[in-house]
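See structure below.
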Amino acid sequence: MSVEHEVKPLSGAECPGPIEAFTDYCEAEFENRRNTGEPFEEQDYREAMEMVLRSLQTLEEG
């Protein structure tokens, strides 16, 4: 017995680009780390995030 599932492509509004996806991931990670109660160097993490975002922006601009 087989079951077929229709897979619909995501529209642009439902599928974020690399910059948005990375930013969303980082913000979720910030929250996770803050909630652990363990020491967290948020400034270092934000600086690394900014470096990656600049690289992604450069790649998107071509």
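The values are calculated or read from the model by the stated rules, or taken from the named source; none is laboratory data. From a predicted model like this one, the values you see are computed outputs, not experimental measurements. Please note that ligands, DNA and RNA were not included when accessible areas were found on the heavy atoms of the full protein model with its side chains. Shrake-Rupley method; radii C 1.70, N 1.55, O 1.52, S 1.80 Å.
Descriptive notes on the structure:
- Thr58, Thr23, reordered so the largest accessible area comes first (probe 1.4 Å): Thr58, Thr23
- Phi to ³J(HN,Hα) by Karplus 6.51 cos²θ - 1.76 cosθ + 1.60 over the range 20-34, Hz, x for Gly, Pro: 5, 5, 5, 4, 4, 4, 5, 4, 5, 5, 4, 4, 4, 5, 4
- Stretch gain in nm, segment Phe22-Glu41, where the contour uses 0.36 nm per residue and the Cα spacing is subtracted: 5.0 nm
- Largest to smallest in accessible area, the residues Arg46, Arg33, Arg54 fall in the order Arg54, Arg33, Arg46 (1.4 Å probe, all protein chains included).
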